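The values are calculated or read from the model by the stated rules, or taken from the named source; none is laboratory data. All values derive from a computational prediction rather than experimental measurement. Ideal geometry is used to build each Cβ from the backbone, glycine not excepted, and the neighbour counts take in all protein chains shown.
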């Protein structure tokens, strides 16, 4: 906190005309100075500056000298007072609840990271081992000067070099471990460097403090990119690479470009596009989207054009929409990424691509239309399932209304129906739109194994049915006449059932096991060891078949209910007739009853 008297003194000493005049060409008009507005980039002299403050008569921006510095340079209030104070020769000191001489608790970690960054930079250019990294930079068209601008360095393979160098400068192991540059594993108590044989990118917070690193492997190995571990100063979910350099450019350009990686940021900045950042992963987090909202509401997403890039584009777009930001998508030619595209076409090519960008929601619709998702009733239903989550989370009411209108137009549905759908509980998040893949209904899956949850009722029915067939082979033919392998959702039970119905009835358990994977073989053995309830085998078989058939009918009935609002008059008649027929079939099956018997070991 800066004392009020200091703020007042800086304000009184400051010449706002001189401060603004460093950034805006001003001309005296009467008692004021006029020039083009730097905030809406006007060309006429609608921006007025007096000794009391400034005001634009077009966009309405106004304030005092501190407000101007904050908005134009992207500083916070404290930084703006210090900046102006330095201009007018007034010393600005902060005071807080603690003693002024007490350091920020994060300073020791910033100091370690700054020292490590310099160590990596020295290793890159002055160590023979850094040649592999120097050659790689040259292959990417990054010069020595360019690399130094962004602090790029090299982490040597030698496990003792960094630790020894920092120890000589007074940084003990504990301080290096706290910053994350050294790690200690349970199976290896000796501290070792987190980064080895990697091209290193220092990462700064928005104030410009060095808080961590991102390292790209040189040669074979995983992961390709490795970030610092979370610490008191580093949280990859809250940081954006390049924001420390980009914040002023964002204010001036009134937009932000989001790319995937470090090299993309560097390439665009070197080309003259300063308002660019990258997340610490592929897609944006909620915290990063909220941070972006503080700087601008206009964002361009410039990700790779492959499926992974497309997926990240839509997930990032959803986070931005949730935070009231308006995302647009820049689509590059196939085989191009931001780095290669800007290297070939420069800033002019980028601006042309930006001019052709489309709203994130329109991009989703564009992909769905190209994939033929609106051509028939069932696929139209699935297309809506892909669009509804984005509409639901869009926080801007006007934009949300536009998305609703656009969806009604492209899908040919009524606004009333769509509004009703939006009020219903959302389904599980659908697959991201692409032109080829179709969404599938997945069974409930166990969190640890990723396989269908065998505690779910329908899957337990599959288990009991297969168990009885393994023990009582005489029922196989009758069961195969009524249901096929596609009635099973669990891949293990489906595989065992397939072996039973396609082989001779006396096939041995050993032969069945030879056709299964290790986990399925284990399940097969469990089923063979359970013989409880086999005296009621016929009842169990009938109940199991009915449960599987009823499940399929119930699933289809649910699907029909979802298709009805989208159907025209003739289609509705067909769907209603099918619903009646299925209801009769369900009634004929009766309420499925089957029992899961306690195991009785043979």
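Numbers at a glance
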{"item": "Options 71, 55, 25; residue that is outside the structural domain of residue 255 (by TED's automatic domain parsing), without any contact (Cβ under 8 Å) to a residue 12 or more places away in the chain, in contact with a strand residue (DSSP E or B) (Cβ under 8 Å, 6 or more places away or on another chain) and crowded, with 16+ Cβ neighbours inside 10 Å", "result": "55"}
{"item": "Qualifying residue in segment 311-331 (condition: surrounded by fewer than 17 Cβ atoms within 10 Å (Cβ to Cβ) and more than 22 Å from residue 240 (Cβ to Cβ))", "result": "no"}
{"item": "Residue check, residue 292 over 28 Å from residue 217 (Cβ atoms) and not assigned by TED's automatic domain parsing to the domain that holds residue 214", "result": "yes"}
{"item": "Criterion (part of a helix (DSSP H, G or I) and out of contact with any strand residue (DSSP E or B) (no Cβ under 8 Å at 6 or more places or on another chain)) met by exactly one of 343, 283", "result": "343"}
{"item": "Which listed residue is more than 26 Å from residue 567 (Cβ to Cβ) and exposed (fewer than 14 other Cβ atoms within 10 Å of the Cβ), from 401, 376, 355, 396", "result": "355"}
{"item": "Matching residues, segment 142-153, being farther than 24 Å from residue 209 by Cα and either touching a helix residue (DSSP H, G or I) at 6+ places or on another chain (Cβ under 6 Å) or in a helix (DSSP H, G or I) (or both)", "result": "none"}
{"item": "Sole residue being in contact (Cβ under 8 Å) with a residue 24 or more places away in the chain and either surrounded by fewer than 19 Cβ atoms within 10 Å (Cβ to Cβ) or closer than 30 Å to residue 80 by Cβ (or both), chosen from 199, 240", "result": "240"}
{"item": "Single condition residue 257 does not satisfy, out of (1) under 17 Å from the mean Cα position of the chain (by Cα); (2) buried (at least 24 other Cβ atoms within 10 Å of the Cβ); (3) under 24 Å from residue 154 (Cα atoms)", "result": "(3)"}
{"item": "Pair list, Cβ < 6 Å and 6+ apart or interchain, from segment 398-416 residues that are not assigned by TED's automatic domain parsing to the domain that holds residue 386 to residues that are surrounded by fewer than 12 Cβ atoms within 10 Å (Cβ to Cβ)", "result": "none"}
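Here's the yes/no breakdown for (1) surrounded by 15 or more Cβ atoms within 10 Å (Cβ to Cβ); (2) at pLDDT below 90; (3) in a helix (DSSP H, G or I):
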{"position": "7", "(1), (2), (3)": "yes, yes, yes"}
{"position": "60", "(1), (2), (3)": "no, yes, no"}
{"position": "66", "(1), (2), (3)": "yes, no, yes"}
{"position": "80", "(1), (2), (3)": "yes, no, yes"}
{"position": "87", "(1), (2), (3)": "yes, yes, yes"}
{"position": "95", "(1), (2), (3)": "no, yes, no"}
